[in-house]
Amino acid sequence: MFRHNALRCTVLVLLAAAALFQALTAGYFGLEILTEILILAILVLALDIAAGFGGMVSLCHGALMGVGAYAYAILSAKAGLAPPVAMAAAIVLTGSAAWIIGAICSRSHGIYFIMATLAFGQMAYSYVFEAPVFGGDDGLGGISRLDLSFIGVDLNDSRSFALFCLATLGAVYGASVLILRSGLGRSLAGVMHNEQRMRALGLTVWRVKADVFGLSGLIAGLAGALAAQHIMYISPGLLSWTVSGEALVVVILGGLGTLVGPLVGAAAFVLLKHELSALTPHWHLVVGVILIAVVMSRANGIFGWIEARWDGRAERRAVKAARKQKTKEVLSDA
Amino acid sequence: MAHDLGFWTLQALNALQLSMLLFLLSIGLTVIFGLMHFVNLAHGSLYALGAYFAASLAAIGGYWMGFFLAPVAVAGVGVLLYSRLIKRMRKSGPMAQVLVTFGLIFVLLDLTRIFWSDLALAIDVPALLSGRVELLGIEYPAYRLFIIVLGLAIFAALAFVLGRTQIGAMIRAGVDNDAMASCLGINVERLFFIVFCVGCALAGLAGVVAAPLLSVTPDMGLQILIPTLIVIVIGGLGSLKGAIAGSLIYGFVQTFGAVLAPQLASVLIYALLAAVLVIKPVGLFPAKG
């Protein structure tokens, strides 16, 4: 089960403070990057719930995000629904799609699960790419943002939009922690550790997996609806499998199953991408080498590595204290 | 839709040609997986490398030099990858392997961009195969026919090696139960290495033969990867039968889907894959049980 320790809380507070500081002080370009990080962070939280806590390594979360984005765009721009209604509908639609995918794939494990989710993602990609309703290769433009003028916030201003995304991310993080601590989250932990045993205990394993995948899909859909509003334009590239692959890379670079780690990973990934692409057109090469190095080092990502060292230090301190205690006892016995 | 027989023959040959290309790629990937439980997402990048080596070699010594040397060069890259990365990643879980090879895709993609630039290269069809051949009442490009024949020849050779020779028996034993095979005195580690190199060489060969048909671009490896993965997942991992069956299914569904139902063609194959995974989660002809 997911727990907050001192390190996780510290990092969370630092991240939140940095994001808030950036949102209040940065110029236009800085705000764009911040918003990109925040939206990616929502997506990787969704992926971490499925992959890190449920062992469902999905290569379709990019596509799920794309489904959310397209659903929002179509419902708000073409069907003429009010943006809040369109957003809610888009999120529910993505969640339902994810639930169905989760239910179908629940029997597959390991590499087969990865391949099956990849297939569903590609199916959505090619459908969006081919169907004329979705604008094909050209994508869709003219997407409006939510209207929050009744509380005096204009989301068309990039600072307000960044703050809105930050607030959403905070809410999503809270919801994720609640999901993982709920009965469903505990069942999921059991399924990840020993599926056979959970089945023997009378748990309907496929339902647990499908429910969690569906919830994860809801969050991915939310990220998609936000992404569509952020850029105000969407193209099928959003659903491409490399987006899902990159999301997985972010989760791994950050630290799988730590929830805080992927947030660190999202910030690191977007910043690295922008810094490197300013220096060299071959930033993929550097990201690839870093990815290989991190995975080969067998550490659980950046955050996992820090956490392991932190725990190691705490353990050593405990051992030292115990030894001191013992010497004292020996001395006092003598 | 009123098409004559010749039209359907032409489509069938096109489907067969696509299938054979995919077979060359998927057989390496599937046997590597079956034997080593190793997921190599960078297999498509090796195919792209094969095409690039062929393009460079063809500029020096003509098509046939590229045809024979490029697969060897790709196998050389495979040796490098095996000794540096893959040997150490053997014991890791599938996710670590997927990620390392995903990183490798990035690296190889940008390396080809650095060495050969972003521009598409083209190779000419060799003079020997540039004409058209009269076949079953239609005219068909000799080069495409060559790909079909090459694919079938390689299938026959592999079927013979895997089914009838001692090394084939050793590979099958390794796929079936590698611990037991090594207890019986088979050097499974060396077997892995050989199979990996042959798989890489076949991926390179696929790149070489595909190069004159498609233009050689850095992202050709990414484009072929998904069809290859679909083939091996439909066919079942680790088996020759699965690879050929998966390739044929993919080739024919894709080609005839594009003719009969153009709107659905691209979704059709993924729907088929999903159906296979639901009914038989391990594919049609898995190597084990």
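The values are calculated or read from the model by the stated rules, or taken from the named source; none is laboratory data. Owing to the predicted nature of the structure, the values given are computational and were not obtained by experimental measurement. Cβ placement follows ideal geometry from the backbone for every residue including glycine, while neighbour counts extend to all protein chains displayed. The protein model used for the area step is the full one, side chains on, heavy atoms only, and it has no ligands, DNA or RNA in it. Shrake-Rupley method; radii C 1.70, N 1.55, O 1.52, S 1.80 Å.
Within the stretch A:290-313, does at least one residue satisfy the condition of being over 23 Å from residue B:92 (Cβ atoms) and out of contact with any helix residue (DSSP H, G or I) (no Cβ under 9 Å at 6 or more places or on another chain)?
Taking every residue of the stretch A:290-313 in turn, at least one turns out to be over 23 Å from residue B:92 (Cβ atoms) and out of contact with any helix residue (DSSP H, G or I) (no Cβ under 9 Å at 6 or more places or on another chain).
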* Only residues that are open to solvent by 30 Å² or more (accessible area, probe 1.4 Å), touching a helix residue (DSSP H, G or I) at 6+ places or on another chain (Cβ under 6 Å) and within 16 Å of residue B:66 (Cβ to Cβ): list them for the stretch B:101-148, please. => B:116, B:121, B:125, B:146
* Structure fact -> The residue from A:143, A:151 that alone is away from chain B (no Cβ under 14 Å), exposed (fewer than 15 other Cβ atoms within 10 Å of the Cβ) and hydrophobic (A, V, I, L, M, F, W, C) is A:151
* Return a yes/no flag: does the stretch B:37-44 have any residue that is more than 15 Å from residue B:222 (Cα to Cα) and outside any loop (DSSP other than H, G, I, E, B). => no
* Which one of these is open to solvent by 10 Å² or more (accessible area, probe 1.4 Å), facing chain A (nearest Cβ under 8 Å) and among the hydroxyl-bearing types (Ser, Thr, Tyr): B:266, B:239? -> B:266
* Does residue A:212 count as within 15 Å of residue A:57 (Cβ to Cβ), more than 12 Å from chain B (Cβ to nearest Cβ) and of a type in the set (A, V, I, L, M)? -> yes
* **Residues that are facing chain B (nearest Cβ under 10 Å) and in contact (Cβ under 8 Å) with a residue 12 or more places away in the chain, drawn from the stretch A:129-140** => A:129
* Mind counting the residues in the stretch A:80-117 that are more than 7 Å from chain B (Cβ to nearest Cβ), within 30 Å of residue A:194 (Cβ to Cβ) and either open to solvent by 10 Å² or more (accessible area, probe 1.4 Å) or of a type in the set (S, T, N, Q) (or both)? => 9
* Structure fact -> Over the stretch B:73-100, the set of residues surrounded by 15 or more Cβ atoms within 10 Å (Cβ to Cβ), facing chain A (nearest Cβ under 9 Å) and in a helix (DSSP H, G or I) is B:85, B:89, B:94, B:95, B:96, B:97, B:98, B:99, B:100
* Identify, from the list B:194, B:226, the residue that is assigned to a helix (DSSP H, G or I) and open to solvent by less than 20 Å² (accessible area, probe 1.4 Å). => B:226
* **Filter pass, residue A:129 being of a type outside the set (A, V, I, L, M), assigned to a helix (DSSP H, G or I), in contact with a helix residue (DSSP H, G or I) (Cβ under 9 Å, 6 or more places away or on another chain) and open to solvent by 30 Å² or more (accessible area, probe 1.4 Å)** => yes
* Structure fact -> Checked the stretch B:149-162 for anything open to solvent by 40 Å² or more (accessible area, probe 1.4 Å) and farther than 16 Å from residue B:20 by Cβ; matches are B:160, B:161
* Hits in the stretch A:201-226 (condition: surrounded by 24 or more Cβ atoms within 10 Å (Cβ to Cβ) and over 27 Å from residue A:300 (Cβ atoms)) -> A:221, A:224, A:225, A:226
* To do: Take the residues in the stretch A:245-281 that are farther than 17 Å from residue A:305 by Cα and of a type in the set (Val, Ile, Thr), then tell me which one is farthest from the other protein chains (Cβ to nearest Cβ).
  => A:270
* Could you figure out which of (1) within 14 Å of chain A (Cβ to nearest Cβ); (2) more than 14 Å from residue B:53 (Cα to Cα); (3) modelled with pLDDT of 80 or more isn't true of residue B:113? => (2)
* Structure fact -> Conditions (1) surrounded by fewer than 24 Cβ atoms within 10 Å (Cβ to Cβ); (2) in contact (Cβ under 8 Å) with a residue 40 or more places away in the chain; (3) more than 26 Å from residue B:193 (Cβ to Cβ) -> residue B:41 fails only (3)
* To do: Kindly check whether there is at least one residue in the stretch B:169-183 that is open to solvent by 50 Å² or more (accessible area, probe 1.4 Å) and among the acidic types (Asp, Glu).
  => yes
* Failed condition for residue A:257, given (1) surrounded by 20 or more Cβ atoms within 10 Å (Cβ to Cβ); (2) touching a Ser or Thr at 6+ places or on another chain (Cβ under 9 Å); (3) more than 27 Å from residue A:147 (Cα to Cα), with all others met? -> (2)
* If you go through the stretch A:282-301 one residue at a time, do you hit one that is more than 13 Å from every other protein chain (Cβ to nearest Cβ), small (Gly, Ala, Ser) and open to solvent by 50 Å² or more (accessible area, probe 1.4 Å)? -> no
* Asked: Has the stretch A:243-252 got any residue that is open to solvent by 20 Å² or more (accessible area, probe 1.4 Å) and more than 19 Å from residue A:55 (Cα to Cα)?
  -> yes
* **Subset of the stretch A:277-334 (residues that are modelled with pLDDT of 85 or more and touching an Asp or Glu at 6+ places or on another chain (Cβ under 8 Å))** => A:285, A:288
* Can you pull out the residues in the stretch B:144-191 that are farther than 19 Å from residue B:245 by Cα, of a type outside the set (Lys, Arg) and under 18 Å from the mean Cα position of the chain (by Cα)? -> B:145, B:146
